[in-house]
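> This structure is in structure tokens; I'll ask about it shortly.
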Amino acid sequence: MRLIWKVLRQNISVGQLFGFVLANIIGLTIIVLGIQLYVDIQPILTDRAGFMKPDYMVVSKPVSTMHAFSGEKPSFSEEEIADIRSQEFVNKVGKFTPARYGIMGELVVRSYGIDVVSDLFFESVPEDFVDVESEDWSFQPGDHVVPIILPRAYLNLYNFGYAPTSSFPAISESMVSSIVLNLAFTGNGQKVYMKGKIIGFTSRLNTILVPESFVQWSNDLLAPEAANAPVSRVIIQVTNPTDERIAAYFEEHELNVEGDKLNASKAGWLMRMLVAGVMLIGLIICLLAAYVLMLSIFLLLQRNHEAIRNLLGIGYTAAKVSFPYQLIVLLTNMLSAVTAMLFLTIVRHIYLKYLYVLAPDYMPGTLVMAWLIVILFGLLMSALNAWIVRSAVNKTN
């Protein structure tokens, strides 16, 4: 074996081997970094109680020019709602039920000189979708006070838009909650007067909410002809807002989502595409490095052509003559794998600090997948190159 090493090592280029190792390290580092980054971010994206908890989306159909001229309102059929409910990314679905009669509201705060009268609209959703917890959120026929939940955006619009231009004072949430509204409901030839009490503010829904029981009772009383009116909006709870299927489903069915709720789904899809792209680049670099190594070995075999023929001629087997080249390939691949994992550990230590800021209770993934990838890739490339070397040596004989 010493004789074989002595004969064959003379034409080995350290520079070529170093170039292969460096390129292989870069490629493997890119591959395992992409994989490990995805593994580490995945718990955050799928954590239902953490940074990416289940989210709510208000979905409607677009209003076309035909709807505007015909007076027809876009709505969902029961089959369409059932189809939405059957999607794997949907946890539950709720329908918006509007009050289908005239509503007039008066807000009076005499100590501040506020007396505002306006037409209003009420809607209700199932209680599971209401994000304000209050003992007053209930209504029974015979009650004279209607609990109301306002969008927090309405209060901000008043305080920072309407109040400064009309010399009205700014109002806090606690102050609004102590104010009683005078309400007048008109429909079905009747007029009903009640009081309204604002019990909280919602950041989830951009509508004036009242209990479902009130809407059902008042619609039966003041708008009985609208008992089977179509549903124009639905609210859904998605299990994982970053699921790329959400945006794809809504685009396929031409549905509108209020606000920027689809951004998480699009961001999750973009992240997966970026990771796949990064891994593809790393794989290409590794394959090019392996190709360069193979060309270098072929060049070595060509330079040592006479020496290999002489070794085979004096009784050395093809396996023994091939072994030095196969060992070089194996060692360089293993060195590349270990170094790539070292770089990964350093980079991972840096980006984990930022992930802990996003989610203090975050638990990162393990390095098992990354180790498996570099080891399997190194062994696969070593086995392939070993077979190529053995075949080339056999042809030399």
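The values are calculated or read from the model by the stated rules, or taken from the named source; none is laboratory data. Everything numeric here is computed off the predicted structure, so don't read it as measured data. So basically every Cβ, Gly included, is an ideal-geometry build from the backbone, and we count neighbours across all protein chains shown. Note: areas computed on protein heavy atoms with side chains; ligands, DNA, RNA excluded. Shrake-Rupley method; radii C 1.70, N 1.55, O 1.52, S 1.80 Å.
> Name every residue in segment 137-168 that is under 20 Å from Tyr193 (Cβ atoms) and surrounded by 12 or more Cβ atoms within 10 Å (Cβ to Cβ), in order of residue number.
The first filter runs over segment 137-168 and keeps only residues under 20 Å from Tyr193 (Cβ atoms), leaving 139-148.
Result: Phe139, Asp143, Val145, Val146, Pro147, Ile148.
> Let me ask you something else. Residue by residue through segment 240-257, note down the ones that are out of contact with any Ser or Thr (no Cβ under 9 Å at 6 or more places or on another chain) and not aromatic (Phe, Trp, Tyr).
Going through segment 240-257, the residues out of contact with any Ser or Thr (no Cβ under 9 Å at 6 or more places or on another chain) turn out to be 249, 251-254.
Within segment 240-257, Glu251, Glu252, His253, Glu254 meet the criteria.
> Shifting gears a bit: Just checking, which of Leu344, Leu331, Leu355 is more than 25 Å from the chain's Cα centre (by Cα) and assigned to a helix (DSSP H, G or I)? Before you say what the answer is, go through the steps one by one.
Numbers: Leu344 fails: more than 25 Å from the chain's Cα centre (by Cα); Leu355 fails: more than 25 Å from the chain's Cα centre (by Cα).
Result: Leu331 is the single residue among Leu344, Leu331, Leu355 that is more than 25 Å from the chain's Cα centre (by Cα) and assigned to a helix (DSSP H, G or I).
> If you take the residues of segment 211-240 that are among the polar types (S, T, N, Q) and buried (at least 20 other Cβ atoms within 10 Å of the Cβ), which of them is farthest from Val125 (Cα to Cα)?
Top of the filtered list is Asn240.
> Restricting to segment 221-246, count the residues that are farther than 14 Å from Asn91 by Cβ and of a type outside the set (A, V, I, L, M).
The initial filter retains those residues of segment 221-246 that are farther than 14 Å from Asn91 by Cβ, namely 221-233, 242, 244.
The next check asks that each one be of a type outside the set (A, V, I, L, M); those that pass are 224-225, 228, 230, 232-233, 242, 244.
The number of residues fulfilling the criteria is 8.
> Are any residues in segment 167-196 within 43 Å of the chain's Cα centre (by Cα), farther than 26 Å from Asn219 by Cβ and not aliphatic (A, V, I, L, M), and if so, which ones?
Passing the criteria: Phe168, Pro169, Ser172, Glu173, Ser174, Ser177, Ser178.
> Could you please let me know if Ile208 is under 15 Å from Trp137 (Cβ atoms), surrounded by 13 or more Cβ atoms within 10 Å (Cβ to Cβ) and of a type in the set (Val, Ile, Thr)?
Values: under 15 Å from Trp137 (Cβ atoms): yes; surrounded by 13 or more Cβ atoms within 10 Å (Cβ to Cβ): yes; of a type in the set (Val, Ile, Thr): yes.
Considered against the rule, which asks whether it is under 15 Å from Trp137 (Cβ atoms), surrounded by 13 or more Cβ atoms within 10 Å (Cβ to Cβ) and of a type in the set (Val, Ile, Thr), Ile208 comes out as yes.
> Restricting attention to segment 176-198, which residues are surrounded by 14 or more Cβ atoms within 10 Å (Cβ to Cβ) and within 19 Å of Asn159 (Cβ to Cβ)?
If the condition is that a residue be surrounded by 14 or more Cβ atoms within 10 Å (Cβ to Cβ) and within 19 Å of Asn159 (Cβ to Cβ), then Val176, Ser177, Ile179, Leu181, Ile198 are the ones that fit.
> Could you run through segment 201-226 and say how many residues are in contact with a helix residue (DSSP H, G or I) (Cβ under 7 Å, 6 or more places away or on another chain) and among the small types (Gly, Ala, Ser)?
Of the residues in that region, 2 qualify.
> Hey, any hits in segment 256-270 for a residue that's surrounded by fewer than 20 Cβ atoms within 10 Å (Cβ to Cβ), at pLDDT below 75 and over 30 Å from Phe96 (Cα atoms)?
yes
> Name the pairs whose Cβ atoms lie under 6 Å apart, with the first residue in segment 56-67 and open to solvent by less than 50 Å² (accessible area, probe 1.4 Å), the second aromatic (Phe, Trp, Tyr) and at pLDDT 85 or above, and 6 or more positions between them or separate chains?
Going by the 6 Å Cβ cut-off, there are no qualifying pairs.
> Would you be able to tell me the number of residues in segment 361-378 that are out of contact with any helix residue (DSSP H, G or I) (no Cβ under 9 Å at 6 or more places or on another chain) and surrounded by 15 or more Cβ atoms within 10 Å (Cβ to Cβ)?
0
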